[in-house]
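The values are calculated or read from the model by the stated rules, or taken from the named source; none is laboratory data. On a predicted model such as this, the values are computed, not experimentally measured, just so you know. We place every Cβ from the backbone using ideal geometry, glycine too, and count neighbours over all the protein chains shown. Note: areas computed on protein heavy atoms with side chains; ligands, DNA, RNA excluded. Shrake-Rupley method; radii C 1.70, N 1.55, O 1.52, S 1.80 Å.
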Amino acid sequence: MLIAVAVDERSPHAAVSEHLADAKCLLIVDPEQNQVTEVLEAADGGADLLFAKASAERDCEAIICGDIDKAAFDLLADNMITRYYGWGATASQAVRMMQERRLQLIRQSRQGDHCQGEEHWAELQRSADTLAAKQKPQP
């Protein structure tokens, strides 16, 4: 299993970037071996799509980062890469927090476009419950 972590420096002790687009480096981490297997660097600007594509190409199961712009969010979602919000922690702390299920999922892009996840299924369940209640015979 590989995890991508968008950071401000080339170190597992670097802070997770506030925005994926502003990240300077992408660490590819093997959490089972507790090691960084690869470090990718971005030129100024455009890191979001570059790092989203790199995460997909390396078959990462998840990415830990800050806010994600729409195009990168869609690319990650289309490749079934789980998105975790790790801003405020270092890369190593964020990976540990992810393993402990203490990081929030990123369910929408910075522009507010939702991923069809739990909200979608909750809406379908409410609709099914409403329909069932209407069809229930009255005493």
Express the carbon and sulfur contribution to the solvent-accessible surface of the stretch 14-55 as a percent, rounded to the nearest whole number, probe 1.4 angstrom.
41
Subtracting the Cα-Cα distance from 0.36 nm times the residue separation, let me have the gained length for N34 to R107 in nm, one decimal.
23.6 nm
Set Lys and Arg Cβ to +1 and Asp and Glu Cβ to -1, take the dipole of the stretch 32-97 about its Cα centre, and tell me which of L50, W87, V39 lies farthest positive.
W87
